[in-house]
Amino acid sequence: MTQTADAIVIGTGIIGAAVAYELALTGLRVISVDRLGDVGSGSTSSSSSVVRFHYSTFEGVAASWEAKFGWETWRDYLGAPAEQTLARLLRVGCLILDGSTERERVLPLFEQVGIPYQCWDAETIRQQVPGLDPGRYGPPKPVTDDAFWADADGELGAYFTPDGGFIDDPQLAARNLMAAAMQRGAGVWLHDEVVAILEKKARVQGIRLRSGSVIQSPIVVNAAGPYSHQVNVLAGVTGEFRIRTRPLRQEVHSVPAPAGYARGEMGPAVMDGDLGTYFRSHLGGQLIVGGAEPACDTLQWIDDPDFFEPQPTRPVWEAQVLRLARRIPSLGIPPRPVGFGALYDVADDWIPIYDRTSLAGFYVAIGTSGNQFKNAPVVGRFMATLIEACENGHDHDSDPVVFHGRFTKNAINLGHYSRLRQAHPESVYGVMG
Ligand SMILES: Cc1cc2nc3c(=O)[nH]c(=O)nc-3n(C[C@H](O)[C@H](O)[C@H](O)COP(=O)(O)OP(=O)(O)OC[C@H]3O[C@@H](n4cnc5c(N)ncnc54)[C@H](O)[C@@H]3O)c2cc1C
């Protein structure tokens, strides 16, 4: 079968769905394709979906703040009818403990972007989040190291952003975006894999799928998540990328929240660089905990995203849950691991690549590095803005497109996300971006 479209988006995760929606809004006939059987069922479905604003660069902070308004106005943004079930932003706040990021770097960026925050001392942390121990245990250590069990060496402060929180159902958010795209004429092909990117005279012509079907289109967007490098290989563009993308295995574990933690309510999302985790409350009285890539842990890089362990492993579970138990001393340790393994698509400097390529019409929204779920409402618009400019002859490589936030009016230079950049030295080279 041969079909035509104005634009193809490879991947129906939160990023691909956001790009499909924004391109459909511009009037393009979009077809989204995914090798899996359901929209948003790749790495997006495993996301901790924390909404926070502390990044190491102006662009990172400004993008996450702009995106927050998209989540707050989600129904209007999607044009969704009142009866449609939508993902929700639960505004529980975000607490960034000392040791997570450099305050001296982040707080001036908050001031510049206009993000409200409060500085908390240890006593305020105790009062605001009962059950949370503000003891200083860092730098992070392996739990097999006797030093891990040493008493606290002083106390931590923190900063708190009341507007942070999390999205209650990340896969539903992707489905919401795709439903909105379909309302505007987009098509979705599931259960089929892109096996070739078609090109002629240095211009993309479309894709071929494993089923043998061909979709012809002058625009193809790689939003393949942890498969991003493989899709770039199909397009023959990897040689020009100064920043690589690679799959990284991560685990997230679930533990019952102890009675009385955060007064029995949903506590804030907590970034605990002092012990090397992040955690947040989850529905059903649970806490989920993930890793913040402390230097003492070995990163699990994956060669082929089709082959990784999706079950939680005891060593990683012990590390994350025992670190959480130091921070919340009343935590009960379950008898066995509960959680999962999933993949980040990590860029060399942990900052995504939203860009064109030298294959005209072939674009990338990749390298989301475990920290771009929250940005989906703005990433779709980044890509639509970039694609429109490039398709109208703008040379984004030499004269980067500047994006203006609809809500915040902040100007974000999209050259920040270039495939041709030198690795950003300000990055923390971890999930905080
Ligand atoms: C455990 C975990 C926790 C996270 N926590 C947070 C968080 O708290 N906050 C935050 O902001 N971000 C977080 N992230 C990051 C965020 O979830 C991801 O950046 C985002 O979901 C990536 O979306 P995506 O659409 O790029 O990728 P995916 O959701 O993986 O979608 C890519 C899709 O492309 C499809 N595909 C790939 N190759 C092909 C092909 N050849 N043909 C057809 N289809 C193909 C795949 O099947 C897949 O469905 C987390 C990620 C993980 C894994």
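The values are calculated or read from the model by the stated rules, or taken from the named source; none is laboratory data. Nothing here was measured: the structure is a model prediction, and the numbers come from that model. Virtual Cβ from ideal backbone geometry, glycine too; neighbours counted across all protein chains shown. To get the accessible areas, we keep the full protein, side chains included, count just its heavy atoms, and leave off ligands, DNA and RNA. Shrake-Rupley method; radii C 1.70, N 1.55, O 1.52, S 1.80 Å.
Identify, from the list F148, F110, F69, the residue that is within 23 Å of P294 (Cβ to Cβ) and either assigned to a helix (DSSP H, G or I) or at pLDDT 95 or above (or both).
Answer to the selection: F148.
Restricting the first residue to the stretch 207-233 and requiring it to be over 19 Å from R356 (Cα atoms) and without any contact (Cβ under 8 Å) to a residue 24 or more places away in the chain, which pairs with a second residue that is away from the ligand (no atom under 11 Å from the Cβ) and open to solvent by 10 Å² or more (accessible area, probe 1.4 Å) meet a Cβ separation below 6 Å and a spacing of at least six or different chains?
Pairs found: R208/V214.
When residues of the stretch 12-36 are filtered for being within 11 Å of the ligand (Cβ to nearest atom), more than 12 Å from the chain's Cα centre (by Cα) and open to solvent by 10 Å² or more (accessible area, probe 1.4 Å), how many remain?
Residues flagged as within 11 Å of the ligand (Cβ to nearest atom), more than 12 Å from the chain's Cα centre (by Cα) and open to solvent by 10 Å² or more (accessible area, probe 1.4 Å) within the stretch 12-36 amount to 3.
Check A342, A360 and return the single one that is surrounded by 22 or more Cβ atoms within 10 Å (Cβ to Cβ) and not charged (D, E, K, R).
A342
Filter the stretch 74-83 for residues that are out of contact with any Leu (no Cβ under 8 Å at 6 or more places or on another chain), part of a loop (DSSP other than H, G, I, E, B) and touching a residue at least 40 places away in the same chain (Cβ under 8 Å) and give the result.
Across the stretch 74-83, the qualifying residue is only G79.
For Q216, indicate whether it is out of contact with any Cys (no Cβ under 8 Å at 6 or more places or on another chain), away from the ligand (no atom under 16 Å from the Cβ) and polar (S, T, N, Q).
In short, yes.
Would you be able to tell me the number of residues in the stretch 365-416 that are assigned to a strand (DSSP E or B) and in contact with a Leu (Cβ under 6 Å, 6 or more places away or on another chain)?
1
Which one of these does R419 not meet: (1) under 21 Å from the mean Cα position of the chain (by Cα); (2) more than 11 Å from the ligand (Cβ to nearest atom); (3) surrounded by fewer than 23 Cβ atoms within 10 Å (Cβ to Cβ); (4) outside any helix (DSSP H, G or I)?
(3)
Return the residues of the stretch 331-372 that are within 16 Å of the ligand (Cβ to nearest atom) and touching a His at 6+ places or on another chain (Cβ under 7 Å); say none if nothing qualifies.
P337, V338, G339, D349, I351
So, in the stretch 248-269, exactly how many residues are open to solvent by less than 10 Å² (accessible area, probe 1.4 Å) and within 22 Å of P315 (Cα to Cα)?
The qualifying residues number 4.
Considering only residues that are surrounded by 22 or more Cβ atoms within 10 Å (Cβ to Cβ) and either of a type outside the set (S, T, N, Q) or within 10 Å of A87 (Cα to Cα) (or both), which ones fall in the stretch 161-170?
G164, G165, F166, I167, P170
Quick test for you: out of V39, V50, pick the one residue that is near the ligand (Cβ under 7 Å from one of its atoms), crowded, with 21+ Cβ neighbours inside 10 Å and over 14 Å from R381 (Cα atoms).
Selected residue: V50, the only one of V39, V50 that is near the ligand (Cβ under 7 Å from one of its atoms), crowded, with 21+ Cβ neighbours inside 10 Å and over 14 Å from R381 (Cα atoms).
In the stretch 204-218, what residues are part of a strand (DSSP E or B) and over 12 Å from D6 (Cβ atoms)?
V204, Q205, I207, R208, L209, V214
Could you check the stretch 296-351 and list, in sequence order, the residues that are under 30 Å from S418 (Cβ atoms), aromatic (F, W, Y) and not in a loop (DSSP other than H, G, I, E, B)?
If the condition is that a residue be under 30 Å from S418 (Cβ atoms), aromatic (F, W, Y) and not in a loop (DSSP other than H, G, I, E, B), then W301, Y344 are the ones that fit.
Scan T73, T124, T85 and give me the residue that is surrounded by fewer than 16 Cβ atoms within 10 Å (Cβ to Cβ), over 30 Å from M182 (Cβ atoms) and of a type in the set (S, T, Y).
Checking each option against the conditions leaves just T124.
Test of understanding: among A158, A180, which residue is open to solvent by less than 20 Å² (accessible area, probe 1.4 Å) and over 30 Å from G273 (Cα atoms)?
Criteria check complete, one pass: A180.
Check whether at least one residue in the stretch 242-255 is modelled with pLDDT under 95 and not hydrophobic (A, V, I, L, M, F, W, C), and report yes or no.
Within the stretch 242-255, not a single residue is modelled with pLDDT under 95 and not hydrophobic (A, V, I, L, M, F, W, C).
Here are some conditions: (1) open to solvent by less than 60 Å² (accessible area, probe 1.4 Å); (2) over 19 Å from the mean Cα position of the chain (by Cα); (3) within 23 Å of G42 (Cα to Cα). Q311 meets all but one. Which one does it not meet?
(1)
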